[in-house]
1. Kindly establish whether residue 19 is in a helix (DSSP H, G or I) and modelled with pLDDT of 95 or more.
2. Regarding the stretch 43-54, can at least one residue be identified that is in a helix (DSSP H, G or I), buried (at least 16 other Cβ atoms within 10 Å of the Cβ), of a type in the set (A, V, I, L, M) and modelled with pLDDT of 95 or more?
3. Could you give me the residue pairs with C-beta distances under 6 Å whose first residue belongs to the stretch 41-59 and is among the aromatic types (Phe, Trp, Tyr), whose second residue is in a helix (DSSP H, G or I) wherever it lies, and which are 6+ apart or on separate chains?
4. I want to confirm something. Restricting to the stretch 24-42 and keeping residues that are part of a helix (DSSP H, G or I) and closer than 26 Å to residue 4 by Cβ, which single residue is farthest from the chain's Cα centre (by Cα)?
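The values are calculated or read from the model by the stated rules, or taken from the named source; none is laboratory data. Since this is a predicted model, take the numbers as computed values, not measurements. Here Cβ is always computed from backbone atoms with ideal geometry, including for glycine, and neighbour counts include all displayed protein chains.
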Amino acid sequence: MVNKAVGNAVLRNRVHRRLRALMAAQLPGLPAGSLTVVRALPPSGSSSYGELEADVQAALRRVLTEPKDMR
């Protein structure tokens, strides 16, 4: 999800495409049947691809290593 607060339509579409590509690369590592929602916060509009990649990887690492009772 990319909110209007991220920027204009061109910027929102760029962030959307980057996040979609990043998540496509991460799909094989997710448990089968997983549902994932990625929400772009306003600072993502000025983030580089590498910064977004690091953020996505860190978030997935946190979610996948949490104890199950915390989910």
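1. When the stated conditions are applied, residue 19 passes them.
2. Yes, there is a match, as at least one residue in the stretch 43-54 is in a helix (DSSP H, G or I), buried (at least 16 other Cβ atoms within 10 Å of the Cβ), of a type in the set (A, V, I, L, M) and modelled with pLDDT of 95 or more.
3. So the pair list comes out as 49/18.
4. 42
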